[in-house]
There are 2 protein chains.
Amino acid sequence: MKLFNKVAIIGVGLIGGSIGLAIKKRKLANEVIGVFRRPSTMRKALKARAVSRGTLDIKEGVKDADLIIIATPVGLIPEMALRAAKFARKGAIITDTGSTKAWIAARIEKKSGRKPRPHFVGSHPMAGSEQAGVESARADLLKGSPCIVTRTSKTDRGALKKVSRLWGALGAKVRIMSPKLHDRSVSLVSHLPHIVAFGLAGAVPAKELRYAAEGFRDTTRVASSDPGLWADIFLTNRREIKDACCLFEDYYRRIRIAIESEDRKGILAALRQAKTKRDGFIGKRK
Amino acid sequence: MKLFNKVAIIGVGLIGGSIGLAIKKRKLANEVIGVFRRPSTMRKALKARAVSRGTLDIKEGVKDADLIIIATPVGLIPEMALRAAKFARKGAIITDTGSTKAWIAARIEKKSGRKPRPHFVGSHPMAGSEQAGVESARADLLKGSPCIVTRTSKTDRGALKKVSRLWGALGAKVRIMSPKLHDRSVSLVSHLPHIVAFGLAGAVPAKELRYAAEGFRDTTRVASSDPGLWADIFLTNRREIKDACCLFEDYYRRIRIAIESEDRKGILAALRQAKTKRDGFIGKRK
């Protein structure tokens, strides 16, 4: 079922490429055009068949598009959205795939005035991996993952519906909420685990790693993620991350103090509570 | 190739059961006898064929054994080793599979005097998972994993060699070091990741977990481990864990402060250093 005539994807990496592959595979649009900064990336994306056509000219890429998806690193999303909006046709919809939402929405909605000609709807398909680049893209990346679509006082209801239908058609479990609530949730379930994993991988002296096994491997997996990408995510969600860090530090300290004071009951209570929560999370996913 | 006539395993769970299966499969002993506290566990172990024979009587279990492996939770190891030593024949070797070594060695070597009749050699096969119980045991659990064997001033060289040969024959990569060096290494690559993972799983409010994905799942995997087991590991390696926690807190705080002060360069430097270390660790394992 066609949802759009022409979809433009700006930034065709792991996420943008996977979306392109999935839209093409499910024939949700007549054309998927990729907008690139570098010819080398364009060649890779065309080779991976992630887009039907590529261009280095944003104007050419977005001019007739019904839907423009900004899938660049978070720090570039507002700028790219505002540039795309200049060339987009009236009634076009712009969405994004950024991991923080309030920072992006504030910048786009402020700059584009009360009634932006193209409609903006924030999205966050919660999929990905520590691998980057269109080479790792796959059509089923979003399947079964949550995808949060954000609504503000300025969001057009029709555009919100169309964007939600797209993610649903790609197999994601769509939830609609405010940018603020989104940012709080991801600060806890995604940004905090990344900070902790980077902290752990950074702390252990390299010479000790020869004895590291599965526990270390999994606990630090996301510390192999792209530093530039994550620096921007952290910077654009500072306030929520601060609160999330405080929650973590409280619980971590509770365990640490119980160990130091040889309080076996205290350790047990803290570990049991953590295990129950984690087992519950895994149980629900099955 | 037979290394032993009779091996006794005290505590036949995931680790003890996997060792039993592997010794039997590779025909490294004529008999593997399991020593149990509960009839129900004995039935499970016999059903899983983890041991050739089971007994609830430690005296009967260990009396003719050449090798006695204590694979109980860490907190029970010294007590079980000293009880086994009472009934063991002269020249028998006792080893264990505990995750901390100095605490165990100090208790066994102190109590058993200068020349213990059976020889004690500490071991730590660094394998396992967040699952527990003989039902999860498998003959290849130790294959490819590091196994640290500890040497103190009281260690018998012949016994050290025999124990090392056993782990080598089960496919583990054997390293010999002092209990102190062992405890420092595992405090960093194993105990610290567990504390951090328990801290993370405990900190995130349950209602936020519906948006958690692979990042949270992997970073907290080891928080599904057995709380009692880990409480004892933490308690018996307190001093080294304290130092490991300080290293982690320093690096974590470096990232956190860089985020709060909007120091993109500082964040990038910290994340890059962590990623380089983690990528190097993964690269060496391949």
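Here are some pairs, A:K154/A:K275; A:K110/A:K143; A:K101/A:K265; A:K143/B:K143; A:K25/B:K265; A:K173/A:K275; which of them have Cα atoms lying more than 31 Å apart in this structure?
Numbers: A:K154/A:K275 42 Å; A:K110/A:K143 33 Å; A:K101/A:K265 41 Å; A:K143/B:K143 35 Å; A:K25/B:K265 40 Å; A:K173/A:K275 26 Å.
A:K154/A:K275; A:K110/A:K143; A:K101/A:K265; A:K143/B:K143; A:K25/B:K265, as the Cα separations exceed 31 Å there.
Here the relative contact order of chain B, from alpha carbon pairs under 8 Å that lie six or more residues apart, stands at 16 percent. To the nearest ten degrees, helix A:238-260 and the longest principal axis of the Cα atoms of chain A are 20 degrees apart. A straight chain from B:R26 to B:S261 at 0.36 nm per residue would run longer than the Cα-Cα distance by 78.7 nm. If the segment from B:D279 to B:K90 were pulled out straight at 0.36 nm per residue, it would be longer than the present Cα-Cα gap by 63.2 nm. Please report, to one decimal in angstroms, the Kirkwood hydrodynamic radius of the protein assembly as shown built from all distinct Cα-Cα pairs. The answer is 25.9 Å. Between A:N5 and B:D243, the FRET efficiency estimated from the beta carbon spacing at R0 = 51 angstrom works out to 0.25. Remark: chain A carries a charge dipole of roughly 1240 debye about the Cα centre, counting +1 on each Lys and Arg Cβ and -1 on each Asp and Glu Cβ. Only the Cβ atoms of Lys and Arg (+1) and of Asp and Glu (-1) were treated as charged; on that basis the dipole of the protein assembly as shown about its Cα centre amounts to roughly 1160 debye.
A protection proxy built from the mean count of other Cβ atoms within 10 Å ranks the segments A:232-239, B:140-147, most packed first, as A:232-239, B:140-147. Entry note, region A:28-80: relative contact order of 31 percent, from Cα contacts under 8 Å with a spacing of 6+ residues. Placing unit charges on the Cβ atoms of the charged side chains and taking the dipole of region B:188-254 about its Cα centre, the candidate lying farthest along the positive direction among B:G228, B:G215, B:I241 is B:G215.
Taking all protein chains as shown and a probe of 1.4 angstrom, B:M1 keeps an accessible surface of around 140 Å².
For a test of the definition: using alpha carbon positions, the gyration tensor, and the 1.5 limit on a/c, classify chain B as rounded, prolate or oblate. Don't skip to the end; give the middle numbers.
Values: a/c = 2.18, a/b = 1.80, b/c = 1.21.
Because a/c hits 1.5 or more and a/b exceeds b/c, chain B counts as prolate.
Taking the average, over residues, of other Cβ atoms within 10 Å as the packing measure, peptides A:208-216, B:152-160 rank A:208-216, B:152-160 from highest down. The trypsin sites (Lys or Arg not before Pro) of region A:1-41 that meet both conditions, a loop assignment by DSSP and at most 12 other Cβ atoms within 10 Å of the site Cβ, are A:K2, A:K27.
Using a Förster distance of 45 Å, how high is the FRET efficiency between B:R43 and B:K207, based on the Cβ-Cβ distance and rounded to 0.05? Walk me through the numbers on the way to the answer.
Working: r = 41 Å, r/R0 = 0.91.
E between B:R43 and B:K207, to the nearest 0.05, is 0.65.
Ignoring aspartates and glutamates fewer than eight residues from A:K180 along the same chain, the ones with Cα atoms less than 17 angstrom from its Cα are A:D96, A:E109, A:E240, A:D243, B:E208.
For region A:119-277, the Cβ-based charge dipole about the Cα centre amounts to some 740 debye (Lys, Arg positive; Asp, Glu negative; other atoms uncharged).
So for region A:175-286, averaging the separation of alpha carbon pairs under 8 Å that are six or more residues apart and normalising by length, what relative contact order in percent results? Show your work: numbers first, answer last.
Values: 40 pairs, mean separation 31.8, N = 112.
It comes to 28 percent, rounded to a whole number.
To the nearest 10 degrees, how steep is helix B:102-111 against the longest Cα principal axis of chain B, on a 0 to 90 scale? For B:102-111 against chain B, the angle is about 30 degrees. Other protein chain C-beta atoms within 10 Å of residue C-beta, averaged over B:259-265: 4.
Would you tell me the mean number of C-beta atoms belonging to other protein chains that fall within 10 Å of each C-beta in A:10-20, as a whole number?
Numbers: counts 0, 0, 0, 0, 0, 0, 0, 0, 0, 0, 0.
The shielding value for this peptide is 0.
Under the rule a/c < 1.5 gives rounded, and otherwise a/b versus b/c splits prolate from oblate, where does region A:1-143 land using the Cα gyration tensor? Prolate shape, in that a/c is at least 1.5 and a/b is the bigger ratio.
Rounded to the nearest 10 degrees, the angle from helix B:77-87 to the longest Cα principal axis of chain B is 10 degrees. From most to least packed by mean Cβ count within 10 Å, the peptides B:197-203, A:71-77, B:244-250 give B:197-203, A:71-77, B:244-250. Peptide B:178-186 shows a mean partner chain C-beta count of 2 within 10 Å per residue C-beta. Chain A residue nearest the rotation axis toward B, with distance: A:D218, 2 (Cβ to axis, whole Å). Helices in chain A, meaning DSSP H runs of at least 4 residues, each add -39500 (n - 2.57). Divided by all residues, the mean residue ellipticity at 222 nm is -15000 deg cm²/dmol.
The values are calculated or read from the model by the stated rules, or taken from the named source; none is laboratory data. This is a predicted model, so every value here is computed, not measured. When we count neighbours, we look across all protein chains shown, and the Cβ atoms used for this are built from the backbone with ideal geometry, even at glycine. Only protein heavy atoms, including side chains, enter the accessible area calculation; ligands, DNA and RNA are left aside. Shrake-Rupley method; radii C 1.70, N 1.55, O 1.52, S 1.80 Å.
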